[in-house]
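Notes for the one structure printed next.
The values are calculated or read from the model by the stated rules, or taken from the named source; none is laboratory data. This is a predicted model, so every value here is computed, not measured. Cβ atoms come from the backbone with ideal geometry, glycine included; neighbour counts cover every protein chain shown. Keep in mind that these areas ignore ligands, DNA and RNA; they rest on the heavy atoms of the full protein, side chains included. Shrake-Rupley method; radii C 1.70, N 1.55, O 1.52, S 1.80 Å.
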Amino acid sequence: MGEKVLMKGNEAIAEAAIRAGCRYFFGYPITPQSELPAYLARKFPEVGGTFLQAESEVAASNMIYGAAGAGARVLTSSSSPGISLKAEGISYIAGAELPAVIINIMRGGPGLGSIQPSQADYFQATKGMAHGDFSLTVLAPSTVQEAVDLTMEAFEIADRYRNPVLLVGDGIIGQMMEPVEFKEAIDPDELPKKEWATDGAKGREPNVINSLALEPEDLEDHNMKLKAKYDKMKEEEVRYEELYTDDADIIIVAYGTTARISSRAIEMARKEGYKVGMIRPITLFPFPTDIINETADRVDDFLAVEMSTGQMVEDVRLAVNGKKPVHFYGRTGGVVPSPEEIVNKIKEIGGEK
Amino acid sequence: MKEVAGYPDALTDKQFHYCPGCTHGIIHRIVAEVIDELDIREETIGVAPVGCSVLAYEYFNVDMHEASHGRAPAVATGIKRVHPDKFVFTYQGDGDLASIGTAEIVHAANRGELISTIFVNNAIYGMTGGQMAPTSLEGQKTTTSPFGRDVREAGHPIRMSEMLTQLDGAVYITRVSVHDPQHIKQAKKAIKKAFKIQLEGKGFALVEVLSTCPTNWGMKPSDSIEWLKNNMMETYPLGDLKTPEGVE
Ligand SMILES: Cc1ncc(C[n+]2csc(CCOP(=O)(O)OP(=O)(O)O)c2C)c(N)n1
Ligand code: SF4
């Protein structure tokens, strides 16, 4: 561990990628993630990295498809409209079972939307990224330090499962400055060789990177193989944080920025006698379904707080499975909920004290 | 050097699936021969398109990457940036390169990406059943231009190769055909030159190869050769469009 440095979220993620041994970045400019590519464009020359500003997000996602197939640790970052375009490459990357890391610093939508913070890409991230039967591992940090740690881990998870990993933040996480500490840097030359990669068939049979299977039975087998990976992720990669879950009557479920705001609201509400706790998903896929379901046996109510009109709340409902009421509070379009608004919602659920 | 008549090492022994009279197979074969003659089979990474030649990854006996439709130059860029010392080529049809992948080919060429592109122009979408391509000729009947391509509605046949010559990063752009042995010989020479340009680090090179699609042109193989000679070559004249000094 090094010493603490004060850094903006976007730049800290970029530095974390370098420390994770990533030396290839392909992207296209978009607010509010611009500091991330700018940082890499500045720093990559020092470590022999390749920074390429692509002609579009479609091209960028296919460049990472190529680079990942060639065996590299590779990163791309964007914000909502750009991720929609990257969906093509991401589907191929998942289909061809390649590791890659994608950052989405989410902004308001649909369409051009706004450049303000948002969590309205939850469905896209966890369910409907692109065509086909696949899932990404989706990580959702709520502090700059966590963004750093999860970025480094994202590359490990991607390599472990040969699956793309998506890290979602928003303009607040991206722009906010916080003190961070970095783990020791990984030397990309020390990483295990990827035997399946395209690097020239010297003294071996050719390697083929591909997502096509013309026979339905073959594709079904492939889909089942992918599903087995996602099932394994559900067993092994679920991450979440609990706050006051032992005595709570009401459990807030919130991730990223809204989890930060919710924890402030929880302190305020507790002072007024409301026993509120929180389960904060750190992985959005796989979703912390079991802990939510178990907690439902002890508490009275759940409240999902999001910067959307209600997306993650559907997964909370599935997890609670009818055991207890699931409420929702959301602001959207780039509007950030205040702690007071959340406290009001808690009072509405909890009744007068 | 390989013996000319032998079966190229750079091809697998899988049977081509191409229709009778389709020239995709000839183009595969000469690409493979050039790879062998340059002795780069074990250094090569090929990028296959989406189109009739989607299964090129089964035919070339080299590392292969199957791209999404039109994005082969972007995929190749990613590969080449990771392995600058390896030889990277794309093999693309005209729907792939001249329609959906226009942006990717233009910018790869403009960056002077050290990749080589084999651009197979058969003036139609073969794989999807004979729809109009941007390269279809004026008046050409296809399933989506059943009364013939009307240039007022559908635009004129796009001459991608001529367009690409305007980019400083593209150093060698040429158009060839494989409809007879003499032209096959010339085509092979052009492909070899394009590959050497990459190996010598000179810039982006593209060889456009006029190709037949008897199935979707609705012709016998022999008629399709005549149609290529009499119609395609007028819109797409053969020859070097841009060539660097000092490369044979
Ligand atoms: C994104 C996307 N759009 C459309 C298709 C359908 N498609 C497959 S091949 C093809 C056109 C192929 O034509 P061309 O590139 O000329 O190659 P040919 O088959 O003639 O060799 C199309 C439109 C696809 N696979 N992916
Ligand atoms: S459909 Fe046309 S391009 Fe495709 S294999 Fe048959 S003849 Fe060749």
Average projected area of the Cα convex hull of the protein assembly as shown, in nm²? 29.6
Accessible-area composition of chain B, carbon plus sulfur, in percent [1.4 Å probe]: 51
Full extension between B:Asp39 and B:Thr144 adds, at 0.36 nm per residue less the Cα distance, a length in nm of 33.4 nm
Between segment A:317-335 and segment B:178-248, what's the alpha-carbon centroid distance in Å? 61
Here P(r) for chain A, Cα-Cα distances in 10 Å bins, as whole percents, is 6, 25, 33, 23, 10, 3, 0, 0
Output row, site B:Asp9, 7 Å Cα→C-beta label point, backbone N cut-off 14 Å, window segment B:63-101, residues B:63
What is the interface area between chains B and A, defined as buried accessible area summed over both chains with a 1.4 Å probe, reported in Å² to the nearest 100? 2600
For segment B:1-149: rounded, prolate or oblate by the Cα gyration tensor [a/c cutoff 1.5]: oblate
If I model a spin label as a point 7 Å beyond the Cα along the Cα-Cβ vector, how far apart are those points for A:Gln175 and A:Arg298 in nm? 3.9
At 1.4 Å probe size, with the rest of the protein present, what percent of the exposed accessible area of segment A:16-100 is carbon and sulfur atoms? 49
A 30 angstrom limit on the alpha carbon distance is what I want to check against. Which of B:Lys185/B:Lys220; A:Lys271/A:Lys323; A:Lys193/B:Lys193 exceed it? A:Lys193/B:Lys193
For chain B, built as a Gaussian network whose Cα springs stay under 10 Å, the top-fluctuating residue of B:Gln182, B:Gln140, B:Gln131: B:Gln182
Non-local residues with an amide H under 5 Å from the amide H of A:Gly200, with H modelled 1.01 Å from N and Pro and chain starts lacking one, are B:Asp63
Counting DSSP beta bridges with both ends in the protein assembly as shown, the antiparallel % (nearest 5): 20
Expected vector for segment A:67-74, Karplus 3J(HN,Hα) from phi with 6.51, -1.76, 1.60 and θ = phi - 60°, integer Hz, x for Gly and Pro, equals 5, 5, x, 7, x, 8, 7, 9
Please list, in order along segment A:111-127, the HN-Hα scalar couplings obtained from phi with the Karplus expression 6.51 cos²θ - 1.76 cosθ + 1.60 (θ = phi - 60°), rounded to whole Hz, x for Gly and Pro. x, 6, x, 9, 9, 7, x, 7, 10, 7, 9, 4, 4, 4, 5, 9, 10
Measuring from its Cα centre, segment B:24-242 shows a charge dipole (+1 at each Lys and Arg Cβ, -1 at each Asp and Glu Cβ) which, in debye to the nearest 20, is 260
Charge dipole magnitude, Cβ of K and R +1, D and E -1 - the protein assembly as shown, Cα centre, debye nearest 20: 1000
Length gained if A:Lys193 through A:Lys4 is fully extended, taking 0.36 nm per residue and subtracting the Cα-Cα distance, is 64.8 nm
Once amide H atoms are placed 1.01 Å from N in the peptide plane, what residues at a sequence separation of 5 or more from A:Val138, or on another chain, have their amide H within under 5 Å of its amide H? A:Leu166, A:Leu284, A:Phe285
Can you list the aspartates and glutamates whose alpha carbon sits under 18 Å from that of A:Lys8, skipping same-chain ones fewer than 8 residues off? A:Glu35, A:Glu146, A:Asp149, A:Asp170, A:Glu178, A:Glu181
Given the candidates A:Ile291, A:Gln311, A:Val326, the one whose Cα lies deepest towards the positive end of the charge dipole of segment A:240-350, counting +1 at each Lys or Arg C-beta and -1 at each Asp or Glu C-beta, is A:Gln311
Going residue by residue through segment A:326-339, the Karplus relation 6.51 cos²θ - 1.76 cosθ + 1.60 with θ = phi - 60° gives ³J(HN,Hα) values, rounded to whole Hz and with x marking Gly or Pro, of 10, 9, 9, 10, x, 10, 8, x, x, 7, 9, x, 8, x
Sort segment A:198-318 into rounded, prolate or oblate with this rule: let a ≥ b ≥ c be the square roots of the eigenvalues of the Cα gyration tensor; rounded if a/c is under 1.5, and if a/c is not under 1.5, prolate when a/b is larger than b/c, oblate otherwise. prolate
Excluding residues on the same chain fewer than 8 positions from A:Lys345, give the aspartates and glutamates whose Cα lies under 15 Å from its Cα. A:Asp249, A:Glu267, A:Glu272, A:Asp300, A:Asp301, A:Glu306
Relative contact order of segment A:197-305 (C-alpha contacts under 8 Å, at least 6 apart) in percent is 31
Take the alpha carbon gyration tensor of segment B:129-248, find the square roots of its eigenvalues, order them as a ≥ b ≥ c, and report rounded if a/c is under 1.5; if not, report prolate when a/b exceeds b/c, else oblate. oblate
A:Ala228/A:Glu205 FRET efficiency (R0 22 Å; Cβ-Cβ; nearest 0.05): 0.30
Residues of segment A:252-328: accessible area per residue at 1.4 Å, in Å²? 35
Surface share of carbon and sulfur [accessible, 1.4 angstrom probe, percent] for segment A:240-350: 44
Connecting C-alpha atoms closer than 10 Å in a GNM of chain B, tell me which of B:Leu38, B:Leu210, B:Leu114 has the biggest fluctuation. B:Leu38
The long-range amide H neighbours of B:Ser177, using H built 1.01 Å from N in the peptide plane and a cut-off of under 5 Å, are B:Ala187, B:Leu210
From other protein chains only, count the Cβ atoms within 10 Å of every residue's Cβ in A:46-54, then give the mean. 2
